[in-house]
Amino acid sequence: IGFVGLGHRRDEMASALPYGEQRLVELALALAARPRVLLLDEPGAGMTGAEKTVVSGLIRQVREQGVTILLVEHDMRMVMGISDTVIVLNHGRVIAEGTPGEIQAHPDVIRAYLGAPRGPA
């Protein structure tokens, strides 16, 4: 609980905490098992920008401790800020794999997220 910054809340019921802090408790519970691999499904869902920044920082710290992180997330800013390698799925198919920089420039990813470019108007 201390790792995620909630040591001061240790005597409170998790259900009474604000949503963002409840998500931090979930992360602390997962980390208590000292995993070698941690699967995070939409850790930023429903969080404010500030809360996502905190969670991203914690995930980076966990990664730096040698834990492999498998992150499923729609917030591309969060993904790009955390990941060494990104695999992009579109309708269940892998369309790209690479570094964040490679993914941002990948034509299939751009097409999937922004749509196909149109001809001259």
Amide H neighbours of Ile69 at under 5 Å, excluding residues fewer than 5 places away on the same chain, with H built from the backbone geometry, are Leu38
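Please rank Asp108, Asp11, fewest neighbouring Cβ atoms within 10 Å first, as an exposure proxy.
Working: Asp108 14, Asp11 5.
Going from least to most buried by this count: Asp11, Asp108.
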The long-range amide H neighbours of Gly44, using H built 1.01 Å from N in the peptide plane and a cut-off of under 5 Å, are none
What ³J(HN,Hα) values, in whole Hz, does the Karplus curve 6.51 cos²θ - 1.76 cosθ + 1.60 give for the stretch 50-64 when θ = phi - 60°, with x put for Gly and Pro?
-> 5, 5, 5, 4, 4, 4, 4, x, 5, 5, 4, 4, 4, 4, 5
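Ranked by Cβ crowding within 10 angstrom, fewest neighbours first, how are Val62, Val37 ordered? Don't skip to the end; give the middle numbers.
Numbers: Val62 20, Val37 8.
In order of increasing Cβ crowding within 10 Å: Val37, Val62.
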Sequence order, the stretch 22-28: Karplus ³J(HN,Hα) from phi using 6.51 cos²θ - 1.76 cosθ + 1.60, θ = phi - 60°, Hz rounded, Gly and Pro as x, gives 4, 5, 5, 4, 4, 5, 4
Read-out Rg and Dmax of the Cα atoms in Å, derived from the coordinates shown; its label in (i) 17.2, 59; (ii) 17.0, 63; (iii) 14.2, 47 | (ii)
Picking from His91, His74, His106, which is most flexible by a Gaussian network model of the chain using Cα springs under 10 Å?
-> His91
Sequence-distant residues sharing a close amide H with Ala96 (under 5 Å, placed H) | Val88
List, in order, the whole-Hz ³J(HN,Hα) value for each residue of the stretch 68-73 obtained from phi through the Karplus relation with A = 6.51, B = -1.76, C = 1.60 and θ = phi - 60°; use x for Gly and Pro.
-> 6, 10, 9, 10, 10, 7
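I need the trypsin sites (Lys or Arg not before Pro) found in the stretch 32-121, filtered to DSSP loop residues with at most 11 other beta carbons within 10 Å of theirs.
Numbers: sites: Arg36, Lys52, Arg60, Arg63, Arg77, Arg93, Arg111, Arg118; in loops: Arg36, Arg118.
Filter output for the stretch 32-121: Arg36, Arg118.
Read-outs: derived from the displayed coordinates by stated rules, not from any lab. Bear in mind the structure is a predicted one, so any value in this text is a computation, not a measurement. Glycine gets a Cβ as well: all are built from the backbone with ideal geometry, and neighbour counts include every protein chain shown.
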